[in-house]
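Scroll down for the structure; my scribbles are underneath it.
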Amino acid sequence: MTSKMISKKKLPVGVDIFEKLIRQDFYYVDKTGLIADLLRNWGEVNLFTRPRRFGKSLNMSMLKAFFEIGCDQTLFDGLKITRETELCEQYMGQFPVISISLKSVEGLSFEAACTALKNVIGTEAMRFSFLSDSFALSEIEKEMYRGFTGISKGTFSMPDDMLPSSLQTLSALLAKHYGKPVILLIDEYDVPLDKAFENNYYDEMVSLIRGMFGNALKTNPNLHFAVLTGCLRVSKESIFTGLNNLKVLSVTDVRFDEYFGFTDHEVRELLQYYGLSEHYEAIKEWYDGYQFGNVSVYCPWDVISYCDQLCADPTERPQDYWSNTSSNSIVRRFIERSNKQTKDEIERLIAGEAIVKEIKQELTYNELDKTIDHLWSVLFTTGYLTQRGREEGRKYLLAIPNLEIRELFITQIREWFHDTSKCDLSKLDRLCEAFPARDVQMAETLLNDYLWNTISIRDTAVKKEKKEHFYQGILLGLLSHKENWFVRSNAESGEGYSDILVEVPETRIGVVIELKYAEEGKMDAACAAALRQMEEKHYSAKLECDGMQTIVKFGIACYKKHCKMVLG
């Protein structure tokens, strides 16, 4: 690290605790305006739905640090909220706060998930150990707290029958102790439902969460207000039954649109601070493009992660950071269920186009797989797709937000294609064996069949070389099925690098394959160019050096979902 960087604030890679971020001198993009807007645009129960890695947990930690009695007010020195002097005097450090995250509430069984949930709430309750000796509480109430946390038994275990009313009970005890109503913060509220759906105890978890939220959020006289965050807006019929005081603030809402994610101005400031402004265009192309309300935002996790890499190595290229933080099974499930029309729509999305789809933002997990139209909605709400405008009703123009997510889709498509092609091993064997056998017609027919049934990349803005790499990757994956063959890609041979070289040890036959993208569908010209290139650069040299006695040469032209082959 250069001496220039030593004096700079640290980049907060993975830091989502506000107090730690401020105290330990991390770079902070000021989102404290959220506090003022939350107070002015009052909602008793506020639900923010945003994709993962967009700063939800950090914002919740910030709210706790601001409102909680006994907070360190110096944490907010110099931040935007301090300009709101009346709000700060009225609200800063004035309320008991219950703050929990449900992101760790999971398990292979309902019992295991309940144990995890009890640990989360019990750990939060232990922060208020003074309640066991509070002068404001009756002996019965103090004993209730002791039993609630397990203190009276010398163990840390909440009784099962107290779990549904646990948040309501804790808020009542805190409100009586302080003489003030409670602020309740619940981060990642939908994770327990997601995990329950995956592990087949969904109905039990819905019943538990419905009871817990109903007790804590509906007609709770000790509640000042509540904030919940999550990825999906789960249907009221699922867990929010009867909750008439719920204000939902989704990715389509213009309110609070700039507080989750980095705006373009914030990214420019961050890059200037670290001397990385020359990388602005690449960062914008890879990590911008999410439309929340009326604001275009970047994914904060990506921007911070890439800037951290650039500070260590200015030559580092952009890469996929977002998808590595969680499973992308929803994309795979979507691709697997695609019909011909849907595959065509995926191709259009990868090509940079927008498609019109009706979005249902309120779903139960049980509905997700009922129709592929619901999967479109989930891809939108979880950040794999974003909006580019609204049509009538609930119809939106959907698009892939940026290069990072585009590459994610392409990777998932390749993995899907690789797996599905293995389903018919006889067909795969026939394709592979057609190459050393010089059976052009068989190889061409079967490869055309594979191309027709896959999802292609037809982006007119993509360079010809990248299109050729797409087809090369498909054929390379198919030929790699033959485990005893030696299949290489872009191997140095002769005076250049051949697309694909194949060595068949048992027959000592070598195959040279050169692929060309046929501009404007001119297949014959592309085939001729492929053969000419392999001859001029003597691509067979490596095979001859390795002892292959017979050399077979294929020139292949590809255009959209079609190919043509000729022998050299």
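Overview of values
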| item | result |
| --- | --- |
| Space enclosed by the convex hull of the alpha-carbon atoms of region 321-413, per residue, Å³ | 95 |
| Probe 1.4 Å, protein heavy atoms only - accessible area per residue of the chain in square angstrom | 44 |
| Student exercise, region 365-414 dipole from Lys, Arg, Asp, Glu Cβ charges, in Debye to nearest 20 | 120 |
| Carbon/sulfur fraction of accessible area - the chain, other protein chains in place, 1.4 Å, % | 48 |
| D_trans [Stokes-Einstein, Kirkwood Rh over alpha-carbon pairs] for region 291-373, 10 °C, 1.306 mPa s, µm² s⁻¹ | 98 |
| Projected-area average for region 64-159 over all orientations - Cα convex hull basis, square nanometres | 8.4 |
| Over the chain - Rg/Rh using Cα atoms and the Kirkwood inverse-distance radius | 1.07 |
| Highest-first arrangement of 45-53, 353-361, where packing means the average Cβ count within 10 Å | 45-53, 353-361 |
| Antiparallel content of DSSP bridges confined to the chain, in %, to 5 | 50 |
| The chain: angle of helix 166-178 to the longest principal axis, Cα-based, in degrees nearest 10 | 40 |
| Gap separating the Cα centres of region 385-430 and region 64-88, nearest whole Å | 45 |
| Helix-derived mean residue ellipticity, 222 nm - over the chain, DSSP H n ≥ 4, -39500 (n - 2.57), to 500 | -13000 deg cm²/dmol |
| Semi-axis lengths, Å, region 316-363, gyration tensor of Cα atoms, sqrt of 5 times eigenvalues | 23, 16, 13 |
| Cβ charges +1 (Lys, Arg) and -1 (Asp, Glu), total dipole of the chain, debye | 480 |
| Enclosed volume per residue, in Å³, of the convex hull spanned by Cα atoms of region 206-305 | 136 |
| Partner aspartates and glutamates for K10 [C-alpha distance under 16 Å; skip if fewer than 8 residues away on the same chain] | E19, D25, D30, E269, D302, D308, D313 |
| Assigned charges on the beta-carbon of Lys, Arg, Asp, Glu; region 406-448 dipole about Cα centre (debye) | 60 |
| Projected area, mean over directions - region 129-220, Cα convex hull, nm² | 6.8 |
| Residue among V45, Q272, I100 farthest towards the positive dipole end of the chain, charges placed on Cβ | V45 |
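The values are calculated or read from the model by the stated rules, or taken from the named source; none is laboratory data. Small disclaimer: the values here were computed from a predicted structure and weren't measured. Neighbour counts run over all protein chains shown; Cβ positions are idealised from the backbone, glycine included. Surface areas here come from the heavy atoms of the whole protein model, side chains and all, with no ligands, DNA or RNA. Shrake-Rupley method; radii C 1.70, N 1.55, O 1.52, S 1.80 Å.
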